[in-house]
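Accompanying notes for the structure given below.
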Amino acid sequence: MLALAGAREPFDQSKTCLGAGAKLTFPAALKLSSRMMIQEESDPYIPLLPGLPDELAKICLALVPRSYFPAMGAVSKRWMTFIGSREFIFVRKELDKLEEWIYVLTAEAEGKGNYWEVLGSLDQKNRKLPPMPGPAKAGFGVVVLGGKLFVMAGYAADLGKEFVSDEVYQYDACLNRWAALARMNVARRDFACAEVDGVIYVAGGVGPAGDNLSSVEAYDPHHNAWTLIQDLRRPRWGCFAFASGSGGKLYVMGGRSSFTIGNSRFVDVYDPARRTWGETKNGCVMVTSHAVVGERLLFCIEWRSQRTLAAFDPADGSWRKVPVPLTGSSSTRLCLGVIAGKVLLFSTEQEPGYQTLVYDPAAPKGSEWGTCELKPSGMCICSVTIEV
């Protein structure tokens, strides 16, 4: 554990950990574009910061505000490796310097495509991410793990050819770049996915031949490998998943099943410790958007009721309804996001009068709702929160 203490303060180079009278000064390369060439290092060992032990240098680098990370990664290979590592996020967490940013997949007007953007990261302005590799897809899955965004599988049309994909791409939020990862064992679309204790799970969906799937895979980020595990109890598609905190379980709900008429209220529950599936019967159906606050509280919006949040607590399997205040048009469809323990309700339509609603489940009764300035540049398709 890092032996540092103190209250949160804005970043100040003159008050860093370098000792009395010293200043944290970064190389001029930090002022260059993050696209610059990384300098070559022939020496088998070059310190992160000359004159400092690496343990202290890592703390100094971790104190830098998040917006500088991509440029810092271009300074040297050692900086790039450290900033892209799990250790970097661990050090920032120990220093109480983690920052949450919201990333939104935004649709351009008139069906001209879509792009990922981060909201309000620099001077309260939205910033586009580099384009994701591969063709545009629908029915894909997204998961956040270790400061990285994983975009998996889905349905694509490329050069006139339509296909279901097994491709997986990773966006590094620190280095602002994409990379291709190991492909899944089974190509699929419209499936459920979530992360439980550092492992990504994908379940069900529709396969390349239009077949309904019950197969489940687990991704180990340390070995960049997918492994097929025990199948769902029934084929399931159009579903979603979430996890119930550290040491918790994987919940798969919503969508349709081969053994039910219409949408399924069954919830498939996977216990990673026992490697077995169980079942409950109190799920949400026809969910158009969902978000998890904290380690276990799930919020959903159902297709038939865009003006009500359904809140689920897996501890006791209970649901409660939260009416959504009217803002903008009553027909506005909503997409959920999360920031600082609060639920954000983005519009899935380009409606000038709509203000992003904010719901705080921890606020006193009567003051749970508010608005904020965070807003996608176009129509919100989905959103994730990445903390680094």
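The values are calculated or read from the model by the stated rules, or taken from the named source; none is laboratory data. Since this is a predicted model, take the numbers as computed values, not measurements. Cβ: placed from backbone, ideal geometry, glycine included. Neighbour counts: every protein chain shown. Please note that ligands, DNA and RNA were not included when accessible areas were found on the heavy atoms of the full protein model with its side chains. Shrake-Rupley method; radii C 1.70, N 1.55, O 1.52, S 1.80 Å.
Number of residues in segment 188-229 that are crowded, with 22+ Cβ neighbours inside 10 Å and touching a Pro at 6+ places or on another chain (Cβ under 7 Å) equals 3.
In segment 164-187, of all residues being in a strand (DSSP E or B) and polar (S, T, N, Q), the one that is most open to solvent (accessible area, probe 1.4 Å) corresponds to Q170. Annotation: of all residues in segment 286-308 being open to solvent by 10 Å² or more (accessible area, probe 1.4 Å) and β-branched (V, I, T), the one that is farthest from M379 (Cα to Cα) is V293. Of all the criteria given as (1) closer than 30 Å to D211 by Cβ; (2) open to solvent by 20 Å² or more (accessible area, probe 1.4 Å), the one not satisfied by G146 is (1). When segment 69-89 is filtered for residues that are touching a residue at least 40 places away in the same chain (Cβ under 8 Å) and either among the charged types (D, E, K, R) or open to solvent by 50 Å² or more (accessible area, probe 1.4 Å) (or both), only R86 remains.
Of all the residues that make up segment 277-290, how many are modelled with pLDDT under 85 and over 13 Å from G238 (Cα atoms)? Qualifying residue count for the region: 3. In this structure, is K161 surrounded by fewer than 16 Cβ atoms within 10 Å (Cβ to Cβ) and farther than 26 Å from G204 by Cα? Judged against the criteria, K161 is not a match.
When the residues of segment 113-143 are filtered to those that are among the small types (G, A, S) and assigned to a strand (DSSP E or B), the one that is most open to solvent (accessible area, probe 1.4 Å) is A138.
For the condition open to solvent by 20 Å² or more (accessible area, probe 1.4 Å) and of a type in the set (G, A, S), what is the one hit in A311, A241, A273?
Residue meeting the stated conditions: A273.
Look at (1) surrounded by fewer than 20 Cβ atoms within 10 Å (Cβ to Cβ); (2) of a type in the set (K, R); (3) over 17 Å from the mean Cα position of the chain (by Cα) and you find that R92 fails only one, number (1). Condition first: in contact with a Leu (Cβ under 6 Å, 6 or more places away or on another chain) and in a helix (DSSP H, G or I). Now tell me which residues in segment 79-93 satisfy that. Answer for segment 79-93, where residues must be in contact with a Leu (Cβ under 6 Å, 6 or more places away or on another chain) and in a helix (DSSP H, G or I): just R92.
Of the candidates E99, E108, the single residue that is under 30 Å from G378 (Cβ atoms), open to solvent by 50 Å² or more (accessible area, probe 1.4 Å), under 29 Å from the mean Cα position of the chain (by Cα) and modelled with pLDDT of 90 or more is E99. Entry remark, segment 348-388: residues being under 25 Å from V142 (Cα atoms) and not aliphatic (A, V, I, L, M) number 18 in total.
Taking into account only those residues within segment 349-370 that are modelled with pLDDT of 85 or more, surrounded by 15 or more Cβ atoms within 10 Å (Cβ to Cβ) and not aliphatic (A, V, I, L, M), which is nearest to L297 (Cα to Cα)?
P361
Out of V324, V293, one residue alone is modelled with pLDDT under 95, more than 27 Å from S214 (Cα to Cα) and touching a Ser or Thr at 6+ places or on another chain (Cβ under 8 Å). It is V324. Checking K148, K93 one by one, the residue that is among the basic types (K, R) and either in contact with a His (Cβ under 9 Å, 6 or more places away or on another chain) or without any contact (Cβ under 8 Å) to a residue 24 or more places away in the chain (or both) is K93 and no other.
Each row is one residue, and each column tells you yes or no for (1) at pLDDT 95 or above; (2) more than 19 Å from the chain's Cα centre (by Cα).
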residue: S214; (1), (2): yes, yes
residue: D220; (1), (2): yes, no
residue: N224; (1), (2): yes, no
residue: A241; (1), (2): yes, no
residue: T260; (1), (2): no, yes
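The lone criterion from (1) over 26 Å from V142 (Cα atoms); (2) at pLDDT 95 or above left unmet by R92 is number (1). For segment 296-312, the candidate set comprises residues that are aromatic (F, W, Y) and modelled with pLDDT of 85 or more; within that set, the residue that is farthest from V144 (Cα to Cα) is F312.
Within segment 305-325, the set of residues being of a type in the set (A, V, I, L, M, F, W, C) and in a loop (DSSP other than H, G, I, E, B) comprises A315, V324.
Hey, any hits in segment 360-381 for a residue that's assigned to a strand (DSSP E or B), touching a residue at least 24 places away in the same chain (Cβ under 8 Å) and over 21 Å from K125 (Cα atoms)? So far as segment 360-381 goes, yes, one or more of its residues are assigned to a strand (DSSP E or B), touching a residue at least 24 places away in the same chain (Cβ under 8 Å) and over 21 Å from K125 (Cα atoms).
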